[in-house]
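Contents: one structure, followed by commentary.
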Amino acid sequence: TYAKAAESIHKLHRSGKIKDSKNVSIKWGLLKHTYNAIMTYCSGSGKHWDNENGVNICGAADAEKWAKFISQNVAMKPFHNMGWQYLPMMEDIYPQG
């Protein structure tokens, strides 16, 4: 549960607001949304992703596909040409089969 997660990270607190179950729930939702957006993009035909270069847009056709995709998936916008530092950890939680 989010309450247990908040309790377990309490001992790691260094500064700022102490995280409660609502904060943990919101943060987890954002992480999961980003992960799902990346997985959705990767599952599309002809769409490239690597966690070093992100989508690595090269050329007008790729840029057009990208613009259409991010108009519906704003969470992906930062990954135009860079990866996501949390992807390996999220893949450990949600292994792809």
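On the full set of protein chains, 1.4 Å probe, figure out the accessible area of E7 and give it in Å² to the nearest 10.
Probe radius 1.4 Å; accessible area of E7 about 140 Å².
Taking only pairs that are 8 or more places apart or on different chains, how many Lys pairs in the chain have Cα atoms under 21 angstrom apart?
20
Pairs of alpha-carbon atoms within less than 8 angstrom and 6+ residues apart define the contacts here; what relative contact order does the chain have, in percent? Kindly include the intermediate steps, with their values, before the conclusion.
Working: 69 pairs, mean separation 23.1, N = 97.
Relative contact order, the chain: 24 percent.
Go through the range 52-62 residue by residue and turn each phi into a ³J(HN,Hα) via Karplus (6.51, -1.76, 1.60, θ = phi - 60°); whole Hz please, and just put x for glycine and proline.
Using θ = phi - 60°, the values come out as 9, 10, x, 7, 6, 5, 9, x, 5, 5, 5 Hz.
Could you state how much accessible area H48 has, in square angstrom rounded to the nearest 10, with a 1.4 Å probe and all protein chains kept in place?
Surface open to solvent at H48 totals about 90 Å².
By how many nm would the segment from N81 to H48 grow when fully extended, if each residue of separation counts as 0.36 nm and the alpha-carbon distance is taken off?
10.8 nm
How far apart, in nm, are two points set 7 Å out from the Cα along the Cα-to-Cβ line at A61 and at H13?
For the pair A61/H13, the computed spacing is 5.4 nm.
With no solvent and one point per C-alpha, what does the Debye sum give as log10 I(q)/I(0) for the range 2-94 at q = 0.11, 0.19, 0.23 Å⁻¹?
The calculated log intensity ratios at q = 0.11, 0.19, 0.23 Å⁻¹ are -0.41, -0.89, -1.13.
Can you give me the long-range amide H partners of G54? Hydrogens built in the peptide plane at 1.01 Å from N, cutoff under 5 Å, separation of 5 or more residues or another chain.
M82, G83
The values are calculated or read from the model by the stated rules, or taken from the named source; none is laboratory data. Treat the numbers as computed from the prediction; the structure is a model and nothing was measured. Reconstructed Cβ throughout: ideal geometry from the backbone, glycine too, with neighbour counts over all protein chains shown. Quick note on the areas: whole protein, heavy atoms, side chains included, nothing else; ligands and nucleic acids left out. Shrake-Rupley method; radii C 1.70, N 1.55, O 1.52, S 1.80 Å.
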